[in-house]
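See structure below.
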Amino acid sequence: MDRPTALDLAFLDLETPQAPLHVGWTLRFGGRAPSIAALRRHLDARLGAVPRFRRRLAHGTWVDDVRFDVAHHAFGVTAPAPGGAEQLREVAGVLLSRPLPLNRPLWRMYLVDGLDGGFAIVGQAHHALVDGVAAIEVAQLLFGPEAAYGRDGRAWAPEAAPAAGAALWATAETRARAAAGAVRDAAGALWGTEPGVPRPDSAARATEVLRTAARAVDALTHRQPPTSLERSATARRLVAYAGVPLDAVRAAGARREATVNDVLLAATSIALRAALRRRGDARETVRALVPVNVRGEAGGEAVGNRISFLAVELPVGEPAPDRVLTLVHARTVAGKAGGDAGALEALGRAADALPGPGRRAVARAALRAVPFTLVVSNVPGPPATLALLGRPLRAIHPMVPLLHGHALTVGAVSYDGRLHVGLAADAEVVPDVVDLARDLEAAFDALRLAPPEAVVDVAEPPWRARARARRGQRAANR
């Protein structure tokens with residue numbers, strides 16, 4: 001059976017009327033738009049490579065939708081005149097505000113014509129179905145060369161859904177395996193490869209495992225005063241786009257040995273500084289929640305969620321761009337070295353052992369317990385240029401969904417020599433999201449042009465130093 005994980009289901013558990021949790025994207029293509037009939041035929045021919053795009057959730061399992069029709073998922077719309085970038089942004093915001101019906105496969109695409117210099121596809125898929133990395137893999141299957149998806153020429157026929165009893169039995173087996181896996185993870189810290197023979201350093205390893213998990217939870221649950229961006233007012237979304245040459249981003253990070261992700265976070269910090277000051281909300285730091293891919297080099301399923309999270313303090317009170325980048329780089333390095341994302345991913349796997357009510361309670365309690373201002377996500381894009389029916393894909397602007405109580409996200413995809421950024425905002429809380437996108441592009445320029453400082457203090461944030469001191473004191477008192 002094709003079963004969602006606890007993390008997949010958490011995105012359904014956490015959905016609210018003000019916060020539909022679908023991933024979105026705006027794809028810009030060159031050339032004349034194909035007909036909606038041609039797009040539907042193209043999609044239908046390739047969906048065999050992503051079976052979940054023909055499945056819906058029933059009894060906690062992905063089952064084939066016996067009434068599946070691609071016409072229920074692919075639609076055509078025309079942008080209002082004059083068909084420029086502003087009109088596309090407005091159309092995308094309206095389309096990406098619409099929640100997905102849960103009684104069908106959890107995705108939808110709109111072919112947007114009437115644009116100057118090409119056309120667009122605005123799409124959405126529920127976060128229960130894909131994370132950012134999975135969305136890029138799906139894009140390669142749907143819009144890449146034919147060899148990428150291995151069409152076999154056979155017509156699709158839905159398989160019968162499993163009986164309710166079989167689904168319940170499969171659920172019990174999944175929980176048992178998850179519980180056994182959690183026990184194995186814990187036992188790995190205590191025992192060697194030979195059964196019953198403890199490791200010489202078993203106590204120290206067990207202590208370190210617990211400390212790593214505690215540090216990760218502490219990093220996420222430390223509270224700061226909420227910003228003006230931390231609330232939900234409406235499900236109506238505004239989107240904005242930004243872009244910068246990828247070589248310029250790499251050059252900005254090179255002198256500090258910083259990654260593309262570090263530069264994105266630093267630019268976001270600089271742009272947020274301006275946005276918060278416009279609101280009279282100046283402060284020293286805000287927390288960004290950064291999704292981390294945990295698939296590993298071996299890859300993973302083309303759909304589903306294999307992510308953890310890293311909490312990064314953005315120094316929005318710092319005016320010097322180079323210092324911002326240095327601080328951000330130091331903090332991401334510290335978070336990765338501390339194993340925060342890995343520890344949280346292990347906790348997420350353990351949640352698969354919980355029954356539905358327990359899983360939902362944990363997911364909602366975690367959202368209440370984890371304070372952050374925004375999500376910043378960066379995903380490597382397709383390595384080769386993609387096309388749709390011979391029309392080249394020019395740009396990919398992602399939309400990261402807003403969790404309840406939050407009004408802004410930033411997503412980025414590297415593709416075709418550029419870093420393409422998409423901002424999504426609660427329309428009532430952040431009506432100036434276009435200004436924020438312009439601030440972001442200016443921040444990239446500032447980081448590229450800023451002279452490096454000779455000496456920069458990269459001390460850890462005060463709250464982290466206090467938490468570390470408390471843990472040391474507790475250890476000393478044992």
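The values are calculated or read from the model by the stated rules, or taken from the named source; none is laboratory data. All values reported here derive from a predicted model rather than from experimental measurement. Quick reminder, even Gly has a Cβ in these numbers, built from the backbone with ideal geometry, and neighbours come from all protein chains shown.
Would you please name the residue that is surrounded by the fewest Cβ atoms within 10 Å (Cβ to Cβ), looking only at residues in region 109-140 that are under 20 Å from Val303 (Cβ atoms) and more than 18 Å from the chain's Cα centre (by Cα)? So the residue we want is Ile121. The residues of region 305-327 that are over 13 Å from Arg287 (Cβ atoms) and modelled with pLDDT under 90, listed by number, are Asn305, Arg306, Ile307, Ser308. Pairs are defined by a Cβ separation below 7 Å, a sequence spacing of at least 6 or placement on different chains, a first member in region 251-273 that is touching a residue at least 12 places away in the same chain (Cβ under 8 Å) and under 18 Å from Val316 (Cβ atoms), and a second member that is surrounded by fewer than 23 Cβ atoms within 10 Å (Cβ to Cβ) and acidic (Asp, Glu); the pairs so defined are Ala271/Asp439. Of everything in region 28-46 that is surrounded by fewer than 22 Cβ atoms within 10 Å (Cβ to Cβ) and within 26 Å of the chain's Cα centre (by Cα), the residue that is farthest from Gly83 (Cα to Cα) is Arg46.
When Leu272, Leu229, Leu276 are screened for being closer than 25 Å to Thr332 by Cα, in the same structural domain as Arg448 (by TED's automatic domain parsing), part of a loop (DSSP other than H, G, I, E, B) and at pLDDT 95 or above, only Leu229 passes. Residue pairs whose Cβ atoms lie under 9 Å apart, sitting 6 or more positions apart in sequence or on different chains, and linking a residue in region 132-155 that is closer than 13 Å to Gly48 by Cβ to a partner that is modelled with pLDDT under 60 and outside any loop (DSSP other than H, G, I, E, B), are Leu141/Ala148. Being touching a helix residue (DSSP H, G or I) at 6+ places or on another chain (Cβ under 6 Å), β-branched (Val, Ile, Thr), within 28 Å of Ala128 (Cα to Cα) and at pLDDT 95 or above, is that true of even one residue in region 417-439? There is no residue in region 417-439 that is touching a helix residue (DSSP H, G or I) at 6+ places or on another chain (Cβ under 6 Å), β-branched (Val, Ile, Thr), within 28 Å of Ala128 (Cα to Cα) and at pLDDT 95 or above. What do you reckon, is Trp62 within 27 Å of Thr234 (Cβ to Cβ), in the same structural domain as Ala128 (by TED's automatic domain parsing) and either buried (at least 18 other Cβ atoms within 10 Å of the Cβ) or among the hydroxyl-bearing types (Ser, Thr, Tyr) (or both)? Against the criterion (within 27 Å of Thr234 (Cβ to Cβ), in the same structural domain as Ala128 (by TED's automatic domain parsing) and either buried (at least 18 other Cβ atoms within 10 Å of the Cβ) or among the hydroxyl-bearing types (Ser, Thr, Tyr) (or both)), Trp62 does not qualify.
All told, Val122 meets the bar of being farther than 23 Å from Pro4 by Cβ and hydrophobic (A, V, I, L, M, F, W, C). A single member of Pro371, Pro380, Pro398, Pro355 is under 22 Å from Leu440 (Cβ atoms) and either modelled with pLDDT under 95 or charged (D, E, K, R) (or both), and it is Pro380. Evaluated against (1) touching a strand residue (DSSP E or B) at 6+ places or on another chain (Cβ under 8 Å); (2) in contact (Cβ under 8 Å) with a residue 60 or more places away in the chain; (3) hydrophobic (A, V, I, L, M, F, W, C), Ala74 falls short on exactly one condition, (2). Summed over region 1-55, the residues that are at pLDDT 95 or above and among the basic types (Lys, Arg) give a count of 6. For region 376-428, taking the residues that are part of a loop (DSSP other than H, G, I, E, B) and free of Cβ contacts under 8 Å to residues at least 60 places away in the same chain, the one that is nearest to Val294 (Cα to Cα) is identified as Pro383.
Sub-6 Å Cβ pairs linking a first residue in region 87-114 that is of a type in the set (Gly, Ala, Ser) to a second residue that is at pLDDT 95 or above and crowded, with 19+ Cβ neighbours inside 10 Å, at least 6 apart or interchain, are Ala92/Thr26; Ala92/Val122; Ala92/Val239; Gly93/Arg237; Gly93/Leu238; Gly93/Val239; Ser97/Arg237; Gly114/Ala79, ordered by first then second residue.
For region 401-431, filtering for residues that are among the acidic types (Asp, Glu) and on the phi > 0 side of the Ramachandran plot leaves 1.
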